[in-house]
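The values are calculated or read from the model by the stated rules, or taken from the named source; none is laboratory data. Treat the numbers as computed from the prediction; the structure is a model and nothing was measured. Note that we place each Cβ from the backbone using ideal geometry, even for glycine, and neighbour counts take in every protein chain shown.
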Amino acid sequence: MDRTEANTGTRAVPEHLQFDVAALDRWLYENIPNGAHDGPITVRQFKGGQSNPTYRIETARTQFVLRRKPSGKILPGAHAVEREYRVMAALGAQGFPVPKVYGLCKDVSVIGTAFYVMDMVPGRIVWEAEFPGMSREERAAHFDAMNATIAQLHNYDPEAIGLGDYGKATGFVERQVARWSKQYLGDTDGGRVPAMDRLVDWLGKHVPTESGRSSVVHGDFRCDNMIFDAQEPEVRAVLDWELSTLGDPAADFTYHLLMYRMPGGIFSGLAGLDLDALGIPSEQDYVAAYCRRTGRDRLPNKDYLIVFCLFRLAAILHGIKGRLARGNASSAHAAQMVERLEPLADLAWSEAETARL
């Protein structure tokens, strides 16, 4: 699957993800600055995204982005658009690159689920971790921009920016292992995967001690969850905050490092590529840059966290498989995504077998 082609742009909204456009039109007029407009609004769904359906809303005056919960049966605690709205509002007030949020609607009578509306940020999304089509210098600069952005996020004091109660400050990794293990085991619609069953047991037996830090964590920090400036190596907006919480920043950064461990055939990965020829820093150098920016001397528990982060990503794919079985998958290419589940789980288990704990 060509991820860039599959995820770039918009499509007509499929029937199972449609909603009452006239009701949204009235809500925009009543609640959003510049929501007033002349003539009907146009609604199209973005191709990318597997969890919360995301739409481009075009009025005669401007464009917005709407993000909503999927309709139908959803797992408890999942698809929390209210949390996404809150964290983006708080971070945006600090100057962190997120889309400006305009309004949150919890009234399910409007379009059938809770939703929020945010700015449509211009720029480009890069869907492959090798940043195709760029020079060595441009790639190096974009990697440095990603590194600086996640370090900036982790350097905020949650209490100081109004997010002190956004999650529990301790026990993050243990809770995450329990949460994703439970989510995998509880989603019977997705079936069982032998490597995932082994990983549930291994992760539970080897939970490391705390790293001693807590910050706002994004939870899915990848190049394709950012909007870059169209010309400059600058992150203009970080997207998709559904998995954000308070937690161990080392775990959040380690998830970002998965790009170094995964081949392109499983996800957007760099494994097997000549990084020096591409101008991409080595994993070791990339970790060192993050540690320098965050005042660390090392990244603790990295081997365990690599295994956990691969498991969690596989659990997300397993959740997509379950939604596909239930008929409320958001993306048109959900079935192709699910094909990566077992190879990713096998990769996680191979990392577990060689982990140094």
Selection from region 276-307 of residues that are closer than 19 Å to Glu351 by Cβ and of a type outside the set (D, E, K, R) = Ser282, Gln284, Tyr286, Val287, Leu299, Pro300, Asn301, Tyr304, Leu305, Ile306, Val307
State which residue is nearest to Pro99 (Cα to Cα) when the search covers only region 220-243 and only residues that are of a type outside the set (D, E, K, R) and surrounded by fewer than 20 Cβ atoms within 10 Å (Cβ to Cβ).
-> Asn225
Starting from region 196-217, keep only residues that are farther than 28 Å from Val87 by Cβ and small (Gly, Ala, Ser), then list their pairs with residues that are modelled with pLDDT of 95 or more and surrounded by 15 or more Cβ atoms within 10 Å (Cβ to Cβ) whose Cβ atoms are within a distance under 7 Å, requiring at least 6 positions of separation or different chains.
-> Gly204/Val177; Gly204/Ser181
Of all residues in region 323-356, which are hydrophobic (A, V, I, L, M, F, W, C) and either closer than 19 Å to Ala195 by Cα or outside the structural domain of Lys302 (by TED's automatic domain parsing) (or both)?
-> Met337, Val338, Leu341, Leu344, Ala345, Leu347, Ala348, Trp349, Ala352, Ala355
With respect to Val307, determine if the residue is surrounded by 17 or more Cβ atoms within 10 Å (Cβ to Cβ) and either part of a loop (DSSP other than H, G, I, E, B) or more than 19 Å from the chain's Cα centre (by Cα) (or both).
-> no
Filter region 174-208 for residues that are within 20 Å of Gly319 (Cα to Cα) and among the aliphatic types (A, V, I, L, M) and give the result.
-> Val177, Ala178, Leu185, Val193, Ala195, Met196, Leu199, Val200, Leu203
Condition met for Ala160 (under 20 Å from Gly219 (Cα atoms), assigned by TED's automatic domain parsing to the domain that holds Val287, part of a helix (DSSP H, G or I) and not charged (D, E, K, R)) = no
For Gly133, which of the numbered conditions (1) of a type in the set (Gly, Ala, Ser); (2) assigned to a helix (DSSP H, G or I); (3) surrounded by fewer than 16 Cβ atoms within 10 Å (Cβ to Cβ) fails to hold?
-> (2)
What number of residues within region 36-58 satisfy the criterion of being modelled with pLDDT under 90, farther than 28 Å from Ser268 by Cβ and not hydrophobic (A, V, I, L, M, F, W, C)?
-> 4
